[in-house]
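Colleague: Pasting in a structure now, in structure tokens, and then I'll have a few things to ask.
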Amino acid sequence: MTRGSIFKLFAYAVVAGAITTAVAVFIPWLPTAATRQADRMWFSIWFAEIIAIVVFAVVAAALIYCVVEFRVKPGDTSDGPPTHGHTMLEIIWTAIPTVIVIAITIVAAIVIHDNGKAGTNPLVIKVVTQQFTYQFEYPNGKTFNILRLPKDRNVKLDLSSKDVIHSFWVPAFGQKTDAVPGITTSIVITPTRTGYYPIICTQLCGLGHALMRSEAIVLESTEYDSWYASAGEAPAAAAGGTDGKSVYTAAGCGACHVFTAGGSAGTIGSSLDNLSVDAAKAGEELNDFIRSSITDPDTFLAPGYAKGVMPSTYKSSISGAQLDSLVQYLAENTK
Amino acid sequence: MTSVTHDHHHAPASPSGLRKLTAPGWYRVLWTTPLVGFIGLGIVGLIRWAADWDPIWKSGPLATVGTVSFPMGLLIGLGGFDFWTYYASGKRTRPDSHDGHGATSWRDYFRINTDHKVIGIQYTVTTMLFFVISGFMALLFRAELAQSGDQYFNPQTFNVLVTEHAILMILLVIIPAFAGLGNIVIPLMIGAADMAFPKLNALSYWLLPIAGVTFIAGMFAPGGGPSAGWTCYAPLCAHQPMGNIFFNMAVQWGGASSIMTALNFLVTIITMRAPGMTFWRMPLLVWANFSTSLLVVLATPFIAGSQFFVLFDRVMHTNFFEAAGGGYVLGYQHIFWFYSHPAVYIMLLPGFGIISEVIAVMSRKPIFGYRLMALSLLAILVLGFSVWAHHMYVAGMAGWLRVPMMASTLLIAVPTGIKIFSWIATMWNGKINFNTPMLWATGFIATFVIGGLSGVWLGAVSIDIPVSSTYFIVAHIHYVLFGGSVFTIFTGIYYWYPKVTGRMYNEKLGKLHFWMTFIGFNATFFPMHYLGTQGMPRRVADYAPRFQELNAFASIASYLLGASTALFLFNMIWSWTKGEVVGSNPWRAMTLEWQVSSPPPTFNFDEVPQIVGGPYEFGVPGARHAILGSAQAEPVATGGH
């Protein structure tokens, strides 16, 4: 290689590297980290990002150089030089990537090791998932459908599922894990920023998957403590309560059903505004119809809806008193 | 040297009258398919009646048995088992007449044909048909995704489209497209007259349309189509509409086809190489298919198992993956990915082989580091079996398992890197002709580097956790399987088009096809990386309004991809009859398939060729790959015409 060609190759690499770096730096790829775990993950991403930029720049430069410089001249039918290989070069491009991937492995292994540590006194919250809702059970036995977390404290989430595989993900928290029927899975998070964050199910779990969402609220620890002390009375959404509207919200009915009185507009299931009409079609008294439709959803199917769309788990997940008030609430507020 | 000259092809006399109904063919299919099909269903009813089970006609068992019995009837009608049945019944064996060989009219492509070149075309055309069908499904759901909110499809239909798009692209397009190209060229490249088991070869092709039709029939099954995603995770997929049974069973047909072809490739490559064709003289495409076939034979039974078990959970009430009955939900994922990760290499290694052929020939240089190129294929093969659980970092499996899986996953970057560096080193100082196949090969390197780098990211546990199951994964898989595999398939189709048809494709349209695809592809899939890291999960018909603009952009770009495919199909169909007639070796390649006429004679070689050197000795004075009998086409010129 001549000095000129080395310079050209270098120039291509610099240009390719600069463009890639600009894409990496000026586009806000990652949400602002809101947990200590995400900080470590973002570090490992940037570590790999720098390596990726260098590798991409080198490969792109070599490829562009080939495309520009080694085009055959029109009419030239001769062959290129019969180079069969170069042992040293081949050793180098085996060895360097090996070192790089070992480095990435070590960094990532340290990050996940640190991210798995819950410390001595973590706040343990049970996350119970089902189609298509989350329930968060706190150490005092109270259950909510919104996750409230104290800032700067290690929180261990123990996930389980009542039906199929779901998943718990908050983009700004970094951590993610599936909730699997039959086993308990855990993640540790240590929130570092207060605020509201979406909780997203990332594992296809049925027709309402796209709507399986909740919210995480990170509070200053004093705020959290006072909320926790009074928890149970204040939020209307408490599933422990037996008020019909709270049960409606806590059981997640609104994720799938239109119900004007409940303020929900889900489109997976039939409209709950037409319950009287549907009950008449089924030939049943309204209250009985609502009750059997919740506990045994496949007995009467609203026109256009298939069997098995509505989970059949409610007969066990809602208590008798809750069911009574839910039926009453629906019967009173349907049109 | 054994002479392999044959009494050349003469078409069997077409039967007439009643013989039409008993001779193998579509008339016989007309009655064997319903006969065998309904016998299967009848047995189900009989057993349920005898056991006093209610109802006698139950959809689950009927669909399970029906998706076996009707296709079996079709295969019996076509004559897929005639030879073996005759043999097994103890009658006097019939001498092999070769009348199932070759094609003289379009009808010969619609029967059991034992000619590897005909089978290769059957495969390739079938896969292109499914490429169009499943690509069209993608355009449909991209229309839905162009805006947030629900527009055209309800969640059930959307999930069915996503599921079918993925499984058809994988099992009916990419994997069999390589089986098709391999079928056409492998026997030619190693100097063989055909594959080792031509009748098995014919049968393995016909399982493919059966798999495809079963997948599509599932979409229209009563109750709804398969909608649990192509990964069909238990327990969700055991509680899906009936279409999911069709999905489970179609995977069996596709998998069986894949295994039979791989066995055939292995035996052919091991036992039928021409004299002098040592392993170190084999073209890299043959090496690549050798490695791939080992993967297929060892891994494919696992996906078959996963689909059977999840089907049994549903139909026979077993509890493989039902937690309530003591089953282990993650067991499904372990078994499924034990195939489906090696499947990624099944979809890449043959493409690596194609790229090696094209880059050496179009750069007029020997492959740089030939032996390391072959060994890196084997390294990927071995490592490929020790990485499956990197699909399960967030699945809740044993935490310790993540680190070894990460180490072996990232190590695969080393042999893969060797391949990329060696291709560029092969181009270095070459006399590169950027015709259509070479453009595709170069474009493949560019996109595959991006897919490879995002693959290294996803291999690292701490990077994978935040982005897994998001659009980042969707972007990555398309960079690897579209920018990777599909680009290599196009490379191969353009490269061997003149060999198969005897005519050249239209160069201008070929290049336009490349640029439209290259731009459309990157515009569609690159923004998805961002959608994923920002919080858009995959497999959702509806998403947060803030992802609106990029999704609309990706949808519009995807229509450019659709248009480029139309251009490609036009070029292929038009050039088949109207393209410029070319000689046997338009690329001046050294491998054997280019040393016989285009299209090749029915039995490939008049005399078994003698291999005397490597396959890519460009620029080496006086070097030859093979010596062929005098009756062959013009000898290869090295170092210029």
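The values are calculated or read from the model by the stated rules, or taken from the named source; none is laboratory data. Since this is a predicted model, take the numbers as computed values, not measurements. A quick note on method: Cβ atoms are made from the backbone with ideal geometry, for glycine too, and the neighbour counts reach across all protein chains shown.
Colleague: Out of B:SER227, B:SER148, which single residue is surrounded by fewer than 24 Cβ atoms within 10 Å (Cβ to Cβ), at negative phi and in a loop (DSSP other than H, G, I, E, B)?
Modeller: B:SER148
Colleague: Can I ask one more? Filter region B:230-268 for residues that are in a helix (DSSP H, G or I) and of a type in the set (S, T, N, Q) and give the result.
Modeller: Listed by number, the residues that qualify are B:ASN244, B:ASN248, B:GLN252, B:SER257, B:SER258, B:THR261, B:ASN264, B:THR268.
Colleague: So if I check each of A:ALA33, A:ALA61, A:ALA57, which one is in contact (Cβ under 8 Å) with a residue 12 or more places away in the chain, on the phi < 0 side of the Ramachandran plot, aliphatic (A, V, I, L, M) and not in a helix (DSSP H, G or I)?
Modeller: On inspection, the qualifying residue turns out to be A:ALA33.
Colleague: Residues in region B:343-362: is at least one in the same structural domain as B:TRP287 (by TED's automatic domain parsing), modelled with pLDDT of 95 or more and not in a helix (DSSP H, G or I)?
Modeller: Yes: one or more hits.
Colleague: Out of B:SER564, B:SER597, I need the residue that is crowded, with 18+ Cβ neighbours inside 10 Å and touching a residue at least 24 places away in the same chain (Cβ under 8 Å). Which one?
Modeller: B:SER564
Colleague: For region A:172-207, which residues satisfy the criterion of being within 7 Å of another protein chain (Cβ to nearest Cβ) and of a type in the set (S, T, N, Q)?
Modeller: Within region A:172-207, A:GLN175, A:THR177, A:THR185, A:THR202, A:GLN203 meet the criteria.
Colleague: Could you check region B:426-452 and list, in sequence order, the residues that are among the hydrophobic types (A, V, I, L, M, F, W, C) and facing chain A (nearest Cβ under 7 Å)?
Modeller: Residues satisfying the conditions are B:MET427, B:TRP428, B:ILE432, B:PHE434, B:ILE445, B:ALA446, B:VAL449.
Colleague: Would you kindly identify the helices (runs of 4 or more DSSP H) lying entirely within region B:484-580 that contain at least 2 residues that are within 14 Å of chain A (Cβ to nearest Cβ) and among the aromatic types (Phe, Trp, Tyr)?
Modeller: Filter on region B:484-580 gives B:507-534.
Colleague: A further question follows. Any chance you could count how many residues in region A:127-153 are buried (at least 23 other Cβ atoms within 10 Å of the Cβ) and closer than 17 Å to A:SER317 by Cα?
Modeller: Qualifying residue count, region A:127-153: 7.
Colleague: Look at A:ALA210 and say whether it is within 14 Å of chain B (Cβ to nearest Cβ) and either in contact (Cβ under 8 Å) with a residue 24 or more places away in the chain or under 24 Å from B:TYR393 (Cα atoms) (or both).
Modeller: Here the answer is yes, as A:ALA210 does meet what is asked.
Colleague: Checking the structure you have, find out if any residue of region B:120-128 is at pLDDT 90 or above and outside the structural domain of B:ILE186 (by TED's automatic domain parsing).
Modeller: No, region B:120-128 contains no residue that is at pLDDT 90 or above and outside the structural domain of B:ILE186 (by TED's automatic domain parsing).
Colleague: May I pose another question? From the list B:ILE477, B:ILE418, which residue is facing chain A (nearest Cβ under 8 Å), in a helix (DSSP H, G or I) and farther than 24 Å from A:SER186 by Cβ?
Modeller: Every option except B:ILE418 fails the conditions.
Colleague: Here is a list: B:LEU35, B:LEU46, B:LEU41. Which entry is closer than 19 Å to B:TRP253 by Cα, aliphatic (A, V, I, L, M) and outside the structural domain of B:GLN240 (by TED's automatic domain parsing)?
Modeller: Criteria check complete, one pass: B:LEU41.
Colleague: List the number of the failed condition for B:SER363; all other conditions in (1) surrounded by fewer than 24 Cβ atoms within 10 Å (Cβ to Cβ); (2) in contact with a strand residue (DSSP E or B) (Cβ under 6 Å, 6 or more places away or on another chain) hold.
Modeller: Just one mismatch for B:SER363, condition (1).
Colleague: Which condition number in (1) among the hydrophobic types (A, V, I, L, M, F, W, C); (2) more than 24 Å from B:PHE312 (Cβ to Cβ); (3) crowded, with 23+ Cβ neighbours inside 10 Å is the one that B:LEU200 fails?
Modeller: The number of the failed condition is (3).
Colleague: Only one of B:LEU294, B:LEU284 is farther than 28 Å from A:VAL68 by Cα and among the hydrophobic types (A, V, I, L, M, F, W, C). Can you tell me which?
Modeller: None of the other options fit; the residue is B:LEU294.
Colleague: Taking A:VAL111, is it more than 10 Å from every other protein chain (Cβ to nearest Cβ) and modelled with pLDDT of 95 or more?
Modeller: No.
Colleague: Something else: Of the residues that make up region B:109-124, is at least one out of contact with any Asp or Glu (no Cβ under 9 Å at 6 or more places or on another chain) and closer than 17 Å to B:PHE482 by Cα?
Modeller: yes
Colleague: Then there is this: Residue pairs, Cβ under 6 Å, 6 or more apart or interchain, first in region B:303-330 and outside the structural domain of B:PRO342 (by TED's automatic domain parsing) and at pLDDT 90 or above, second in a helix (DSSP H, G or I) and surrounded by fewer than 21 Cβ atoms within 10 Å (Cβ to Cβ). List them.
Modeller: Close Cβ pairs (under 6 Å, with a partner that is in a helix (DSSP H, G or I) and surrounded by fewer than 21 Cβ atoms within 10 Å (Cβ to Cβ)) do not exist here.
Colleague: Given the condition in contact with a His (Cβ under 6 Å, 6 or more places away or on another chain), more than 14 Å from chain A (Cβ to nearest Cβ) and outside any loop (DSSP other than H, G, I, E, B), answer yes or no: does some residue in region B:184-202 qualify?
Modeller: Checking region B:184-202: at least one residue is in contact with a His (Cβ under 6 Å, 6 or more places away or on another chain), more than 14 Å from chain A (Cβ to nearest Cβ) and outside any loop (DSSP other than H, G, I, E, B).
To keep it simple, each residue is scored yes or no on (1) β-branched (Val, Ile, Thr); (2) modelled with pLDDT of 95 or more; (3) farther than 30 Å from A:ASP152 by Cα.
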position	(1), (2), (3)
A:THR2	yes, no, yes
A:SER5	no, no, yes
A:LEU9	no, no, yes
A:TYR12	no, no, yes
A:THR20	yes, no, yes
A:PHE26	no, no, no
A:TRP29	no, no, no
A:ARG40	no, yes, no
A:PHE43	no, yes, no
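Colleague: Do you know which residues across region A:51-87 are over 15 Å from B:VAL449 (Cα atoms) and more than 7 Å from chain B (Cβ to nearest Cβ)?
Modeller: Answer for region A:51-87, where residues must be over 15 Å from B:VAL449 (Cα atoms) and more than 7 Å from chain B (Cβ to nearest Cβ): A:TYR65, A:VAL68, A:GLU69, A:LYS73, A:PRO74, A:GLY75, A:HIS86, A:THR87.
Colleague: For region B:329-357, what are the residues that are within 14 Å of another protein chain (Cβ to nearest Cβ) and within 18 Å of A:GLY85 (Cα to Cα)?
Modeller: Residues satisfying the conditions are B:ILE355, B:SER356.
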